[in-house]
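Asker: Before anything else, here's the structure in question.
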Amino acid sequence: MTSTNSTYENLDGFRVEIDAARERADIILDRAPMNTVSMLQREQLRKVFEALDEDASVRIIVLRAVGQHFSSGGYIRGFLDASPEHVSKLAWNIAAPARCSKPVIVANRGYTFGVGFEISLACDFRIVSETCFYALPEQKLGQIPGSGGSARLQKIVGITRTKDIVMRSRRIPGPQAYDWGIATECVADADLEAATDRLVDELRAFSPIAQRTAKKLLNDTEDASLSIAIELEGHCYSRLRQSDDFREGVEAFHEKRAPKFKGN
């Protein structure tokens, strides 16, 4: 169903659908023919992610697109028309999936270029179809990625492969993206939706509070030293030991039944 929340209305180039029964929200890019992302759309995407993060009925967020291409990238003319203040917020808006406390899955098929790739890199799980091509083609415009693309990519694949992708505007097919660790899973194009559904259901079975804690811990310690990361992990572990969900998980394990987590 489509939510009645005013934040989800009058959206530019995308829509929001919430399935309360499955505790799932879908953010769906829908601007024919290539799902080009406008400047306004970037800001609206941030606001939608923030609203869904506060929505108690939503456990999992899925970012996907209508058509054979996820997104050809940003609206190029918009970069020349935008103010410096607006441009300075590009990376902050596109980082919204990473800041969101809930798991975010993106389903990529076809062209996933520029900001389409960058917002995908900010998600937690990237499921790609065999038709997917990732690219940061900004060098062809005399520019560089401006929404966190090169920075996030370097964390995943290292400087050598990132230079190869960014400085040559190379297109990386889905199977290669999976081999390089960019994609979580690579499936046949016809199986993209089913694979996404399976991951949603798998994640829903875990404790919401444990999922939020794991995501924040991993994000916060990405640049930390090993000793600091272990220290923070220990603090998070200690806090979760006080949760009702942990008690339920232990009791369910000993009783040989499926746990019923409530997020407390």
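Asker: Of the residues LEU203, LEU226, which single one is out of contact with any Ser or Thr (no Cβ under 8 Å at 6 or more places or on another chain) and in contact (Cβ under 8 Å) with a residue 60 or more places away in the chain?
Answerer: On the way: LEU226 fails: in contact (Cβ under 8 Å) with a residue 60 or more places away in the chain.
After applying the criteria, what remains is LEU203.
Asker: For residues that are more than 21 Å from LEU192 (Cα to Cα) and touching a residue at least 12 places away in the same chain (Cβ under 8 Å), scanning just the stretch 116-142, find the one that is surrounded by the most Cβ atoms within 10 Å (Cβ to Cβ). Walk me through how you get there before you give the answer.
Answerer: We begin by selecting, within the stretch 116-142, every residue more than 21 Å from LEU192 (Cα to Cα); these are 136-142.
From the residues that got through so far, the ones that are touching a residue at least 12 places away in the same chain (Cβ under 8 Å) too are 136-141.
Numbers: LEU136: 28, PRO137: 20, GLU138: 22, GLN139: 14, LYS140: 9, LEU141: 12.
Selected residue: LEU136.
Asker: Name the residue, out of ASP244, ASP220, that is within 17 Å of the chain's Cα centre (by Cα), surrounded by fewer than 16 Cβ atoms within 10 Å (Cβ to Cβ) and not basic (Lys, Arg).
Answerer: Only one candidate passes the filter, namely ASP220.
Asker: Answer with yes or no whether SER150 is within 19 Å of ILE94 (Cβ to Cβ) and without any contact (Cβ under 8 Å) to a residue 24 or more places away in the chain.
Answerer: Criteria met by SER150.
Asker: So how many residues does the stretch 223-241 have that are surrounded by 12 or more Cβ atoms within 10 Å (Cβ to Cβ) and small (Gly, Ala, Ser)?
Answerer: Count: 2.
Asker: For the stretch 237-245, check the following and say yes or no: at least one residue is under 23 Å from ILE105 (Cβ atoms) and not in a helix (DSSP H, G or I).
Answerer: No - not one qualifying residue is present in the stretch 237-245.
Asker: Within the stretch 143-171, which residues are surrounded by 19 or more Cβ atoms within 10 Å (Cβ to Cβ), outside any helix (DSSP H, G or I) and among the hydroxyl-bearing types (Ser, Thr, Tyr)?
Answerer: SER147
Asker: Another question about this same structure. What number of residues within the stretch 125-150 are modelled with pLDDT of 95 or more and among the small types (Gly, Ala, Ser)?
Answerer: Residues flagged as modelled with pLDDT of 95 or more and among the small types (Gly, Ala, Ser) within the stretch 125-150 amount to 2.
The values are calculated or read from the model by the stated rules, or taken from the named source; none is laboratory data. These numbers were taken from a predicted model, which means no experiment stands behind them. A quick note on method: Cβ atoms are made from the backbone with ideal geometry, for glycine too, and the neighbour counts reach across all protein chains shown.
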